[in-house]
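To start, the structure under review is shown below, and the notes come after it.
The values are calculated or read from the model by the stated rules, or taken from the named source; none is laboratory data. In this text, all values refer to a predicted model and were calculated from it rather than measured experimentally. We place every Cβ from the backbone using ideal geometry, glycine too, and count neighbours over all the protein chains shown.
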Amino acid sequence: MSTDSAHIALDTLSEALQSENLKQIRYMLNKGMRPVEVAHLLEKTPPRERRILWNLISSENEGDVLQHLGEDIQAEIISEMDAASLLALTESLDTDDLADILQQLPDTIMQEMLQNMDLQNRERVEAVLSYPEDTAGGLMNTDTVTMRPDITVETALRYLRRHRELPDNTDSIFVVSRRKNTLIGVLPITRLLISDPQMLVREIMRTEQDHAIPAEMPELDVARIFEQRDLISAPVVNEERQLLGRITIDDIVDVIREDADHSLMSMAGLDEDEDTFAPVMRTSRRRAVWLGINLLTAFLASAVIGLFEATIDRVVALAVLMPIVASMGGIAGSQTLTLVIRGQALGHIERHNIGWLFNREMVVSLINGIIWAAVVAAVSMLWFQDTTIGIVIALAIVINLLAGAMAGSLLPMFLKQAGIDPALAGGVLLTTITDVVGFFAFLGLATFFYG
């Protein structure tokens, strides 16, 4: 379905919802829309209407819709289902999607579901669950097509024709050893189709050692490999190079989208999977922690201002101009912080080049600091008819812009080494540093010049 057709379908469904035409709604959800479009509709629907829509989805489509929902809404739906219902709902899912859902369940329910699976499916799911969710092993699907290296191209083609269908995004066949299932090479289907039927698979397969992805590799590194090599699929192996499964481009698209959501939402202390229409109390509880942390940093900045209460009483203009100093440093620091966090995500920034970037950002902030300090100083002197106040705020702006650049450059590196997400904690720490340094520099210089 094209994008325009999808919008038309959603508009039609919205009209049916308003008219409470349940028959039309049921048809649209099960016949007129793709599962991903139904999931999108559920995510943008308030809770009461969402429950009505979910109940109108046919049982054979529930699993396909569920896998496209955010974790918050998934958890809400599966919390009301027993193990047997969940197992029936997830029968059609790929191994990796099923593993993602199982990881959200209480251990007792998850074990009950695993016990109710047939042996082959249970072993596949347990293989994925044995790896962290954000690694290649946790991302992989165990549904692969393999063959031996000593068969002919003609035999290989006959073998493929026996399959009713191949797994989605199958662009290559994995060549493995007979005994230990060790990955020997990768055979693109296009090469298989154009090769001499009498040639052996080992003669036409690719044997590069870097085409396999270790199961422990972080998912963002996997995404980077897919981007750099324009891959559609890639094999996943363990330390003995035994084939465990494969990762496909649709999994990588999910990783990239989730990472982008995470970076954006973390800046505000929110969860990337948070339900847009989550209940009031749940939303309030999650945001309260973030507001509390910000309150502590605000008290720290206020304490610095309190140290110079006498100076502010003597020179009232200081209270008017203080926000300018903090704001300029905060903006400059945020620019650097965002640049460095993006560089980390793309793999551009490492120990050997952070020094060059740090020096560049300091020089840029110095130049901008001098330019805008001169502008603010001129405006302040004209406003308050006081040359000293212009000198004080100019020096304070230069100092705070340099402090912002320094913090924005180094904080992500320190936080990453400490195992803390820079996107989550960087903004709070940067704001605290620029506020404290800005207020201290401005009021401290004022105390010095005004006595």
| In segment 107-166, what residues are in a strand (DSSP E or B) and farther than 25 Å from D221 by Cβ? | M147, T152
| request: State all residues of segment 294-308 that are over 13 Å from V428 (Cβ atoms) and in contact (Cβ under 8 Å) with a residue 12 or more places away in the chain; if no residue qualifies, say none. | output: V304, I305, L307, F308
| Being in the same structural domain as M413 (by TED's automatic domain parsing), more than 22 Å from A319 (Cα to Cα) and either touching a strand residue (DSSP E or B) at 6+ places or on another chain (Cβ under 9 Å) or surrounded by fewer than 17 Cβ atoms within 10 Å (Cβ to Cβ) (or both), is that true of even one residue in segment 371-385? | yes
| field | Selection within segment 343-355 - touching a residue at least 24 places away in the same chain (Cβ under 8 Å), within 17 Å of the chain's Cα centre (by Cα) and surrounded by 14 or more Cβ atoms within 10 Å (Cβ to Cβ) | value | Q344, A345
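Please determine, by comparing only the residues of segment 271-308 that are in contact with a Leu (Cβ under 9 Å, 6 or more places away or on another chain) and either more than 30 Å from A319 (Cα to Cα) or assigned to a loop (DSSP other than H, G, I, E, B) (or both), which one is modelled with the lowest pLDDT. So that I can check it myself, show each step before the final result.
So in segment 271-308, the residues in contact with a Leu (Cβ under 9 Å, 6 or more places away or on another chain) come out as 272, 286-287, 290, 297, 304-305, 307-308.
Narrowing further to those that are either more than 30 Å from A319 (Cα to Cα) or assigned to a loop (DSSP other than H, G, I, E, B) (or both): 272, 286-287, 307-308.
Values: E272: 54, R286: 64, R287: 69, L307: 87, F308: 89.
Looking at residues that are in contact with a Leu (Cβ under 9 Å, 6 or more places away or on another chain) and either more than 30 Å from A319 (Cα to Cα) or assigned to a loop (DSSP other than H, G, I, E, B) (or both), I get E272.
Suppose the filter is of a type in the set (V, I, T), modelled with pLDDT under 80 and loosely packed, with under 15 Cβ neighbours inside 10 Å; does I8 pass it? It would help to see each step written out before you state the result.
On the way: of a type in the set (V, I, T): yes; modelled with pLDDT under 80: yes; loosely packed, with under 15 Cβ neighbours inside 10 Å: yes.
Considered against the rule, which asks whether it is of a type in the set (V, I, T), modelled with pLDDT under 80 and loosely packed, with under 15 Cβ neighbours inside 10 Å, I8 comes out as yes.
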| note | Among (1) closer than 19 Å to L231 by Cα; (2) touching a Leu at 6+ places or on another chain (Cβ under 7 Å); (3) at pLDDT below 90, N141 falls short only on (2)
| Within segment 97-105, can one find any residue that is acidic (D, E) and either touching a residue at least 60 places away in the same chain (Cβ under 8 Å) or surrounded by fewer than 18 Cβ atoms within 10 Å (Cβ to Cβ) (or both)? | no
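Just to be sure before I move on: is L53 free of Cβ contacts under 8 Å to residues at least 40 places away in the same chain, hydrophobic (A, V, I, L, M, F, W, C), over 20 Å from N141 (Cβ atoms) and crowded, with 18+ Cβ neighbours inside 10 Å in the structure I sent? Steps first, answer last, please.
On the way: free of Cβ contacts under 8 Å to residues at least 40 places away in the same chain: yes; hydrophobic (A, V, I, L, M, F, W, C): yes; over 20 Å from N141 (Cβ atoms): yes; crowded, with 18+ Cβ neighbours inside 10 Å: yes.
So L53 passes the test.
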